[in-house]
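**Student:** Sharing a structure below in structure tokens format, with a few things to ask.
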Amino acid sequence: MSLIATESLTKRYGPRVTALADLTVTVEPGIIGLVGANGAGKSTLIKILLGLLPPTGGSARVLGLDPVRQGEQVRARVGYMPEHDSLPPDLIAAELVTHLARVSGLPRTSARERASETLRHVGLYEERYRQVGGYSTGMKQRVKLAQALVHDPDLLLLDEPTNGLDPAGRDAMLELISRIGTEFGISIVVCSHLLGEVERICDSLVAIDAGRLLRADRISSMTTATGVLVIEVDEGTEELAEALAGLDVGEVRRDGPALLVPLTGDDIYDRVLRAVAERDLPLHRLDQRHHRVAELFATETTETTETTVTQS
Amino acid sequence: MSVSEANERRPPAGRSAGGAEQPGRQPAPAPGSDRRGGSSVELTGVSRWYGNVVAVNDVTMALRPGVTGLLGPNGAGKTTLLHMMSGFLAPSRGTVTLDGTPVWRHPPVYRTLGLVSEREAVPGFLTGHEFVLSGARLHKLPAPRAAARRAVEMVDLVEAQHRRVGTYSKGMRQRIRVAAALVHDPAVLLLDEPFNGMDPRQRLHMMEVLHQLGEDGRTVLFSSHILEEVAQLSGIVQVIVAGRLAASGDYRTIRRLMTHRPHVFTIHSSDDRRLAVALLAKEPVVGVELDPAGGLTVRTSDYGTFTRALPAVAVSEGVRVTRVLPTDESLESVFSYLVAS
């Protein structure tokens, strides 16, 4: 059974605004990145999947359930972390999460236990007995994640979970998400604008653009090698460039501090390394260039043109 | 848009004959001189406290033409620093100067300074064009319409300029604010979290805009939490930790200066074990670890010696090396070292 499946899903707001247009996509369990421009329809999709908004046309299935007719059952098995700061400032985190656990149908005592456990799990210890209003952005994000997890859902929908976090906070949040996905086996849909983040923690990606499906694929198939070898030496780049040009290894190009050589065969590795060793140059980096998820959104410039040239 | 270009992006020292001046030094034009020579912002012993809270503590730094990233954990004092640079806030101690002129209580500096603050405050009832034009008029520019047109073109909002700002997306609002800050063609542009809330395409576009401004010889400083983007846009960073300047300059150079931390490389080869044995025999290698999934992790105390030894060792052992990655040279790891220490 697929995690999420939509069939010609369409949502219009009034006669003029089309948020989703004929979106058909099937998502398998795992950690899934949901990306798209602002206004591409991500939030609309999430609301439909949660059964909070009826679609104008088409259908959706979440964990095999129909969110239109079985909205409550869907929400009992799905946890949702909203993007915006939506926490009441005068509530104590432990009370808030306990309350939301009860809303999700847990009895009083187990709601309290689960809330305490989940808050600890997301990294809030003594602070959980303080009012949310005094929390930092990172702590608030953790509370939002805890309330999404408290009823032990099968699927988590996270809307911009790293928004407003500083580098250390982002790192911790990504680590946490990836642990929830791999250790607890909970499927997670992460909305993010940061493609590097998506590349790091997700197994697959769904990109939507103007309400339509742009691409749905495994991350690994979007970051395949490009057949270009990147060589970076700490000094003597010019010298190496000349040496490589004399080696008949194909066209040697420069990209900032790096030299690019088409990887026409495995012997290229040996010839490049020998050239570096003979000149006693400090080898900083040697790697095949990989495609990036960002290319999906790049305009016709830079990388994309480069890779087509070299693969032919 | 490569990182290393940040080094070469500084405009030539101009009139200095014979190249006697070091390219990295301050171009130091006289105040009010042609700004294409580059403007610089200098902070000398700057502190700022709010009651007993020290937000910025004895910071001395200089911003040169080109793009510089301002980094630091939340609450490190980045916004306070930006506000002092833009003359909105008096330093409690020390001085902030723009080409030698103090910025505090000196409104004429706004002819050479533009600021895009973090909080967006754009009147939604104005069109983008009107908003930028009002900025041009407030600056009393001789040709406000032409200036507004040029600024709107620069951020690529020509088509949407006659729509109300209230209908703009987040990225468009951010760009129109950049246009308003640029309308008087300032030599210095300060931006507080300009990428916040932008989607991938908008981010790419904003990066191009900032890169171009730096290329043109403007001094651009932007704060950000997304280190990957900072590294792509500019290798030059100023890192603030707990109100103090923890490091400044090219992050790769900063990394090299942290000599007490061993450098870590990930290497993939045709015969990892053989290469590991050969490498361990070399002086600067302090540890080798074989990854069960393939590849090896090498720790070395001496970057220069190791990077020269590696190719030679691999060639003499007849091992094919398919990948060498400096795993802790990224801005992420440099930043986390700085914050931790």
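The values are calculated or read from the model by the stated rules, or taken from the named source; none is laboratory data. The structure displayed is predicted, hence computed values, not measured ones. Positions of Cβ are generated from backbone atoms using ideal geometry, with glycine treated the same way; all protein chains shown enter the neighbour counts. Side chains included, ligands, DNA and RNA excluded: accessible areas come from the protein's heavy atoms. Shrake-Rupley method; radii C 1.70, N 1.55, O 1.52, S 1.80 Å.
**Student:** If I filter segment B:192-210 down to residues being outside any loop (DSSP other than H, G, I, E, B) and out of contact with any Gly (no Cβ under 9 Å at 6 or more places or on another chain), which single residue comes out as farthest from the other protein chains (Cβ to nearest Cβ)?
**Tutor:** Within segment B:192-210, the first condition is being outside any loop (DSSP other than H, G, I, E, B), and the residues that meet it are B:192, B:200-210.
Retained after the next criterion (residues that are out of contact with any Gly (no Cβ under 9 Å at 6 or more places or on another chain)): B:192, B:204, B:207-210.
Values: B:Asp192: 13, B:Leu204: 6, B:Met207: 11, B:Glu208: 9, B:Val209: 13, B:Leu210: 16 Å.
Once the filter is applied, the top-ranked residue is B:Leu210.
**Student:** To continue, here is another question. Could you tell me how many of the residues in segment A:89-99 are assigned to a loop (DSSP other than H, G, I, E, B) and either closer than 14 Å to A:Thr137 by Cα or basic (Lys, Arg) (or both)?
**Tutor:** 1
**Student:** Another question, then. Checking the conditions here, which among A:Arg120, A:Arg179, A:Arg128 is assigned to a helix (DSSP H, G or I) and surrounded by 15 or more Cβ atoms within 10 Å (Cβ to Cβ)?
**Tutor:** When all the criteria are applied, what remains is A:Arg128.
**Student:** Give me the residue from segment A:226-257 that is at pLDDT below 90 and within 16 Å of A:His290 (Cα to Cα) and, out of that set, nearest to the other protein chains (Cβ to nearest Cβ).
**Tutor:** Once the filter is applied, the top-ranked residue is A:Asp255.
**Student:** How do the pairs read when you match residues in segment B:315-329 that are more than 7 Å from chain A (Cβ to nearest Cβ) with residues anywhere that are open to solvent by 60 Å² or more (accessible area, probe 1.4 Å) and assigned to a strand (DSSP E or B), using Cβ under 9 Å and keeping only pairs 6 or more apart or on different chains?
**Tutor:** Cβ pairs passing all conditions: B:Glu329/A:Arg285.
**Student:** Another question, then. Out of all the residues in segment B:246-280, which are free of Cβ contacts under 8 Å to residues at least 24 places away in the same chain, of a type in the set (D, E, K, R) and assigned by TED's automatic domain parsing to the domain that holds B:Gly77?
**Tutor:** Of everything in segment B:246-280, nothing turns out to be free of Cβ contacts under 8 Å to residues at least 24 places away in the same chain, of a type in the set (D, E, K, R) and assigned by TED's automatic domain parsing to the domain that holds B:Gly77.
**Student:** Name the one entry in B:Arg308, B:Arg255 that is within 11 Å of chain A (Cβ to nearest Cβ), crowded, with 19+ Cβ neighbours inside 10 Å and assigned to a helix (DSSP H, G or I).
**Tutor:** Answer to the check: B:Arg308.
**Student:** Count, please, the residues in segment A:1-43 that happen to be more than 14 Å from chain B (Cβ to nearest Cβ) and free of Cβ contacts under 8 Å to residues at least 40 places away in the same chain.
**Tutor:** Total satisfying the criteria: 3.
**Student:** Pick from B:Gly287, B:Gly294: which is away from every other protein chain (no Cβ under 12 Å) and in a strand (DSSP E or B)? I'd like the intermediate steps shown before the answer.
**Tutor:** Numbers: B:Gly294 fails: in a strand (DSSP E or B).
Answer to the check: B:Gly287.
**Student:** Turning to a different aspect of this structure: Tell me which of these B:Ala231 doesn't satisfy, since it passes every other one: (1) without any contact (Cβ under 8 Å) to a residue 12 or more places away in the chain; (2) among the small types (Gly, Ala, Ser); (3) more than 9 Å from every other protein chain (Cβ to nearest Cβ); (4) under 25 Å from A:Pro257 (Cα atoms).
**Tutor:** (1)
**Student:** Related question: When you scan segment A:30-47, do you find a residue that is out of contact with any helix residue (DSSP H, G or I) (no Cβ under 7 Å at 6 or more places or on another chain), open to solvent by 40 Å² or more (accessible area, probe 1.4 Å), over 24 Å from A:Asp203 (Cα atoms) and not in a loop (DSSP other than H, G, I, E, B), even just one?
**Tutor:** No, because not a single residue in segment A:30-47 is out of contact with any helix residue (DSSP H, G or I) (no Cβ under 7 Å at 6 or more places or on another chain), open to solvent by 40 Å² or more (accessible area, probe 1.4 Å), over 24 Å from A:Asp203 (Cα atoms) and not in a loop (DSSP other than H, G, I, E, B).
**Student:** A further question follows. Restricting attention to segment B:91-109, report how many residues are open to solvent by 20 Å² or more (accessible area, probe 1.4 Å) and without any contact (Cβ under 8 Å) to a residue 40 or more places away in the chain.
**Tutor:** Here the count works out to 6.
**Student:** Would you call A:Leu49 without any contact (Cβ under 8 Å) to a residue 60 or more places away in the chain and in contact with a Ser or Thr (Cβ under 9 Å, 6 or more places away or on another chain)?
**Tutor:** no
**Student:** Another question, then. Given the conditions (1) within 14 Å of chain A (Cβ to nearest Cβ); (2) part of a strand (DSSP E or B), which single one is not true for B:Leu189?
**Tutor:** It is condition (1) that B:Leu189 fails.
Conditions (1) small (Gly, Ala, Ser); (2) more than 14 Å from chain B (Cβ to nearest Cβ); (3) on the phi < 0 side of the Ramachandran plot; (4) buried (at least 20 other Cβ atoms within 10 Å of the Cβ), marked per residue:
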| position | (1), (2), (3), (4) |
| --- | --- |
| A:Ala148 | yes, yes, yes, yes |
| A:Leu155 | no, yes, yes, yes |
| A:Pro167 | no, no, yes, yes |
| A:Glu175 | no, no, yes, no |
| A:Glu183 | no, yes, yes, no |
| A:His193 | no, no, yes, yes |
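**Student:** Moving to a separate point now. Taking only segment B:162-181 into account, find how many residues are outside any helix (DSSP H, G or I) and open to solvent by 20 Å² or more (accessible area, probe 1.4 Å).
**Tutor:** Of the residues in segment B:162-181, 4 are outside any helix (DSSP H, G or I) and open to solvent by 20 Å² or more (accessible area, probe 1.4 Å).
**Student:** Then there is this: For segment B:286-300, enumerate the residues that are under 28 Å from B:Gly249 (Cβ atoms), open to solvent by 10 Å² or more (accessible area, probe 1.4 Å) and in contact with a Lys or Arg (Cβ under 9 Å, 6 or more places away or on another chain).
**Tutor:** B:Val286
**Student:** To continue, here is another question. Take the residues in segment B:234-252 that are within 13 Å of chain A (Cβ to nearest Cβ) and over 25 Å from B:Tyr303 (Cα atoms), then tell me which one is most open to solvent (accessible area, probe 1.4 Å).
**Tutor:** B:Ala242
**Student:** Same structure again: Restricting the first residue to segment A:90-113 and requiring it to be at positive phi, which pairs with a second residue that is open to solvent by less than 40 Å² (accessible area, probe 1.4 Å) and of a type in the set (Lys, Arg) meet a Cβ separation below 7 Å and a spacing of at least six or different chains?
**Tutor:** Pairs that qualify, where the first residue is at positive phi and the partner is open to solvent by less than 40 Å² (accessible area, probe 1.4 Å) and of a type in the set (Lys, Arg): there are none.
**Student:** While we're on this one: Could you pull out the residue among B:Leu141, B:Leu115 that is assigned to a loop (DSSP other than H, G, I, E, B) and either in contact (Cβ under 8 Å) with a residue 40 or more places away in the chain or touching a Leu at 6+ places or on another chain (Cβ under 7 Å) (or both)?
**Tutor:** The match here is B:Leu141.
**Student:** Before we move on, is A:Leu296 at pLDDT below 90, under 29 Å from A:Glu7 (Cα atoms) and of a type outside the set (Val, Ile, Thr)?
**Tutor:** yes
**Student:** Among the residues of segment A:231-258, how many are touching a residue at least 40 places away in the same chain (Cβ under 8 Å), among the β-branched types (Val, Ile, Thr) and open to solvent by 30 Å² or more (accessible area, probe 1.4 Å)?
**Tutor:** Residues in segment A:231-258 being touching a residue at least 40 places away in the same chain (Cβ under 8 Å), among the β-branched types (Val, Ile, Thr) and open to solvent by 30 Å² or more (accessible area, probe 1.4 Å): 0 in total.
**Student:** While we're looking at this one, here's another question. Collect the residues in segment B:104-119 that are within 20 Å of the chain's Cα centre (by Cα) and not charged (D, E, K, R), keeping them in residue-number order.
**Tutor:** B:Thr112, B:Leu113, B:Gly114, B:Leu115, B:Val116, B:Ser117
**Student:** Here is a further query. Take the residues of segment A:48-68 that are outside any loop (DSSP other than H, G, I, E, B), open to solvent by less than 30 Å² (accessible area, probe 1.4 Å) and of a type in the set (Gly, Ala, Ser): which is farthest from A:Asp203 (Cα to Cα)?
**Tutor:** Here the residue is A:Gly57.
**Student:** Could we say that B:Val220 is buried (at least 24 other Cβ atoms within 10 Å of the Cβ), in the same structural domain as B:Val103 (by TED's automatic domain parsing), on the phi < 0 side of the Ramachandran plot and modelled with pLDDT of 95 or more here? It would help to see each step written out before you state the result.
**Tutor:** Working: buried (at least 24 other Cβ atoms within 10 Å of the Cβ): yes; in the same structural domain as B:Val103 (by TED's automatic domain parsing): yes; on the phi < 0 side of the Ramachandran plot: yes; modelled with pLDDT of 95 or more: yes.
When the stated conditions are applied, B:Val220 passes them.
**Student:** Quick one: count up the residues across segment A:1-23 that are surrounded by fewer than 21 Cβ atoms within 10 Å (Cβ to Cβ) and under 20 Å from the mean Cα position of the chain (by Cα).
**Tutor:** Just the residues of segment A:1-23 that are surrounded by fewer than 21 Cβ atoms within 10 Å (Cβ to Cβ), to begin with: A:1-3, A:5, A:7-8, A:10, A:12-18, A:21-22.
With under 20 Å from the mean Cα position of the chain (by Cα) added as a condition, the list becomes A:2-3, A:5.
Going through segment A:1-23 one residue at a time, the tally reaches 3.
**Student:** Considering only residues of segment B:49-66 that are free of Cβ contacts under 8 Å to residues at least 60 places away in the same chain and assigned to a strand (DSSP E or B), which is nearest to B:Val220 (Cα to Cα)?
**Tutor:** Step one: filter segment B:49-66 for residues free of Cβ contacts under 8 Å to residues at least 60 places away in the same chain, giving B:49-53, B:62.
Going one step further and asking which of them are assigned to a strand (DSSP E or B), we end up with B:49-50, B:53, B:62.
Values: B:Trp49: 26, B:Tyr50: 27, B:Val53: 29, B:Ala62: 12 Å.
So, considering only residues that are free of Cβ contacts under 8 Å to residues at least 60 places away in the same chain and assigned to a strand (DSSP E or B), the one nearest to B:Val220 (Cα to Cα) is B:Ala62.
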